[in-house]
Amino acid sequence: MLLLSVATVLVVLTSSTAVQAQGLEAGVGYADITGPAGEVPMMGYAEASQKTAGIHMRLFARAFAFRDAEGRSAAFVNVDAGMISPMMKLKVIEILKSKLGSTYTEANVLLSATHTHSGPGGYHGYTLYAISTLGYFADTFNTLANGIARSIELAHASLRPTKLQFNSGQLANSGVNRSPTSYLLNPESERARYEHNTDRDMTVVKLVDANSGKPFGMLNWFAVHPTSMNNTNLLISGDNKGWAAQAFERFMDYQAGTNTLPGGQRFVASFANANEGDVSPNTDGPRCMDTGEPCDIATSTCGGKAKHCVASGPGKDMLDSTRIIGLKQFGRAMLAVDSVSYSHQYVDMSNQQLTVNGRRVRTCPPAMGFSFAAGTTDGPGGFDFTQGDTSGNPFWNLVRGILSKPNQEQINCHSPKPILLNTGYMTFPTDWQPKVIETQLLKIGPLVIVALPGEFTTMSGRRVREAVQKALADNGMTGAKVVLSGVSNLYSSYVTTFEEYQAQRYEAASTIFGPHTLSAYVQQFGKLAAALATNTAVQSEIHPPNNLGSIKGWSFVSPIVYDSVGINRNFGDVVQQPASSYSAGQTVSAKFRTGHPRNNMMLGGTFLLVQKKTENGGWVDICNDACVETRFSWVRTNGVLGRSEAHIEWDIPACAQPGIYRLKHFGWYKPVLIWESPKSFSGTTNEFTVKNSSLRRFLRRTGYTIDVINGKIGGGCLL
């Protein structure tokens, strides 16, 4: 059960429209993709010490399938992951082909990552993105590929006549531009057209069953990094995007009277990203951790060092900030066509020829600049790198030369970026970064989704959106609603404007195809939009490599040898019992002897349950490890002896019913006799009492803020 008056979110969005989609069918699907919860490097911050050690909330693939009256199909999947890799999408299509034939292909399937930085890594085939996750890890890759494919299968199986309802509006105080000095380099006339230096628009599409009139799915797009959980976090989490999705789904199921636990819901809600490249959720901004003073605004350093400059807020800690930013997106989404088509093409982005301001220019083979190694204020890097570096460093130039020394043509092409990693010429054990990029537009009724193959800054995204809108209108498709779907289909780092590129902050140093990258994308997406509007096929003359075969042998995640608990002890034993009594707003905690969570990822299951005693003495499940109000932490207590503990916490919501409760832990252990297969176990705490509590008093005490509609609190409640 989550906690917040349902009445607080029932505010009408601007520009609300409903479309009777003649002949349009839609379906939704949902699959667990949580992956290994122990000792696997996370994908996002490139922080070697950040390895999974439990679950804050489970990760899911949320799929939406569409089919028009002509039988044309398409699928959009919002994936709780840091990014999408080409070899992952190819594997998904391979699985779908074996199940559904040629219905779904690379061209009509769009995979969009939320970009959470708190998920397990090991699924990328390009070396640069695999280094920090210790290479390839089959458990992560297979969990993602199989789960994404499964979600599309389920969505396809649930196709039904559908009406689409569109809403849009602005969401304030949910993100700040983390490179404001770069944004100011864009032309003043262009900046004057926008009120803010981040995109605050949220686009919402609700799917309604045309026969019953009941809603069954929702998609929305809003630009903000899911980095409320910082690089010290070790718990798998969907971050603020995952929080918002879970809140929306549980609320809609509650409204429908189903009230299922996360993972079993019937309503599917997608909180997808957009042009979030320079948008941080840490709205209190960056400060020097050692002095409390503001960081140097141009270089994001404190005393010349990047590691002390860290952004935070708006909450008291990262869990609270995740809740607040997730709650804002949830609340805005709550306030809230008749054809399916697509345009798709692979292009070699490392050698695009184009004309800019009357001058012939080109893109470059991939390379990363010095400021890339400085990180961002959401997660600073190490060593002595700083943002805004346009000159380089003799020592690191020497190190660079050992890996791959750029020639003068490459240096000139990327200027003013000083090249740190000449990735376009680094091929061992695989290409370090992609050259062949997947570009795609997906049309569902009047909605046109632009699949951004990386992290586009605010102004970069605006230019792409305007180019697509203009190309559609110029070719007879007026009235289309263009939305940007960030981090889609593959990951090619960042894309800044030409002007932002000159400052060489983190985002610009990570713009891998040089200063004219954005212009090339504007040209390409305009071409696809014209083809979409005129129903013209676009052919791909080049295709990306499938690096799965090459990267499989490069896996450095330590295997599980065995688990043990000691003599006269059992797996599942409770080593710390909860207290006998609690009130709403308090946290229940318990500790169990456990095995390694990688023995069984519990996909579709759970490592924990919160249960309430019924009047007849039975037990009903209240929450599992996917709930945002629970936490499962895995703690290795002795690596040599293979001993570990499971720490389970439950934040009691204000609307929890008074009564008798207990916690249960489930797991698997690997016997000391290493030829034996892992075995299951469970453990149960003593019973404890939850006492009644006033919702209003709880909200005041914990600092939750709500707006009361009509002077009263609504019936249902969400956290």
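The values are calculated or read from the model by the stated rules, or taken from the named source; none is laboratory data. None of the values given here were measured: they were computed from a predicted structure. Neighbour counts are summed over all protein chains in view; Cβ atoms, including those assigned to glycine, are modelled from backbone coordinates with ideal geometry. Just so you know, the surface numbers come from the protein's heavy atoms only, side chains and all, with ligands and any DNA or RNA stripped out. Shrake-Rupley method; radii C 1.70, N 1.55, O 1.52, S 1.80 Å.
Here are some notes:
- For the stretch 35-70, taking the residues that are charged (D, E, K, R) and part of a strand (DSSP E or B), the one that is surrounded by the most Cβ atoms within 10 Å (Cβ to Cβ) is identified as ARG62.
- When the stretch 268-289 is filtered for residues that are over 17 Å from ALA244 (Cα atoms), surrounded by 24 or more Cβ atoms within 10 Å (Cβ to Cβ) and of a type outside the set (Val, Ile, Thr), the ones remaining, listed by number, are ASN275, GLY277, ASP278, PRO286.
- Filtered residue count, the stretch 535-577, keeping only those that are closer than 30 Å to ALA656 by Cβ, part of a loop (DSSP other than H, G, I, E, B) and either among the hydrophobic types (A, V, I, L, M, F, W, C) or under 32 Å from the mean Cα position of the chain (by Cα) (or both): 1
- In the stretch 166-184, the residues that are surrounded by fewer than 19 Cβ atoms within 10 Å (Cβ to Cβ) and either more than 22 Å from the chain's Cα centre (by Cα) or not assigned by the TED database to the domain that holds GLN265 (or both): PRO180, THR181, LEU184
- Cross-chain or 6+ apart pairs with Cβ under 6 Å, the stretch 304-330 first and surrounded by fewer than 19 Cβ atoms within 10 Å (Cβ to Cβ) and modelled with pLDDT of 90 or more, then outside any loop (DSSP other than H, G, I, E, B) and not hydroxyl-bearing (Ser, Thr, Tyr): PRO314/ILE324; GLY315/ILE324
- Among residues of the stretch 399-416 being farther than 17 Å from GLN433 by Cα and touching a helix residue (DSSP H, G or I) at 6+ places or on another chain (Cβ under 9 Å), the one that is least open to solvent (accessible area, probe 1.4 Å) is PRO416.
- So ARG360, is it outside the structural domain of SER510 (by the TED database) and at pLDDT 75 or above: yes
- Number of the condition not met by PHE251 [criteria: (1) over 19 Å from CYS627 (Cα atoms); (2) under 23 Å from the mean Cα position of the chain (by Cα)]: (1)
- One residue alone among VAL208, VAL224 is part of a strand (DSSP E or B) and open to solvent by less than 10 Å² (accessible area, probe 1.4 Å), and that residue is VAL208.
- Options ILE648, ILE660; residue that is closer than 28 Å to ASN259 by Cα, open to solvent by 50 Å² or more (accessible area, probe 1.4 Å), touching a Ser or Thr at 6+ places or on another chain (Cβ under 9 Å) and modelled with pLDDT of 90 or more: ILE660
- Residues that are open to solvent by 50 Å² or more (accessible area, probe 1.4 Å) and more than 29 Å from SER85 (Cα to Cα) do occur in the stretch 534-541, at least one of them.
- Checking GLU629, GLU615 one by one, the residue that is charged (D, E, K, R) and open to solvent by 30 Å² or more (accessible area, probe 1.4 Å) is GLU615 and no other.
- Hits in the stretch 549-572 - residues which are over 30 Å from THR685 (Cα atoms), open to solvent by 20 Å² or more (accessible area, probe 1.4 Å) and in contact with a Gly (Cβ under 6 Å, 6 or more places away or on another chain): TRP554, SER555, PHE556
- Residues satisfying the stated conditions in the stretch 136-161, i.e. among the small types (Gly, Ala, Ser) and surrounded by fewer than 20 Cβ atoms within 10 Å (Cβ to Cβ): ALA138, ALA157, SER158
Rundown of residues vs (1) part of a strand (DSSP E or B); (2) acidic (Asp, Glu), yes/no style:
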position	(1), (2)
PRO262	no, no
GLU276	no, yes
THR283	no, no
ARG287	yes, no
VAL310	yes, no
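- Restricting attention to the stretch 579-592, the residues being over 16 Å from PRO658 (Cβ atoms) and open to solvent by less than 50 Å² (accessible area, probe 1.4 Å) number 3.
- Verdict on TRP668 being outside any strand (DSSP E or B), open to solvent by 20 Å² or more (accessible area, probe 1.4 Å) and among the aromatic types (Phe, Trp, Tyr): no
- SER485 falls short of the stated requirement of being among the hydroxyl-bearing types (Ser, Thr, Tyr) and more than 27 Å from the chain's Cα centre (by Cα).
- For the stretch 671-681, a residue qualifies if it is within 34 Å of the chain's Cα centre (by Cα) and open to solvent by less than 60 Å² (accessible area, probe 1.4 Å), and the qualifying residues are PRO678, PHE681.
A quick yes/no check of all residues on (1) out of contact with any Pro (no Cβ under 7 Å at 6 or more places or on another chain); (2) closer than 21 Å to MET349 by Cβ:
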| position | (1), (2) |
| --- | --- |
| GLN433 | no, yes |
| LYS443 | yes, no |
| VAL450 | yes, yes |
| THR457 | yes, yes |
| VAL468 | yes, yes |
| ALA473 | yes, no |
| LYS481 | no, no |
| SER488 | no, yes |
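- Filtering THR116, THR127 for residues that are within 24 Å of ALA245 (Cβ to Cβ) and either buried (at least 20 other Cβ atoms within 10 Å of the Cβ) or not assigned by the TED database to the domain that holds SER228 (or both) leaves a single hit, THR116.
- Any hit, the stretch 460-467, residues being part of a loop (DSSP other than H, G, I, E, B) and either buried (at least 24 other Cβ atoms within 10 Å of the Cβ) or aliphatic (A, V, I, L, M) (or both): no
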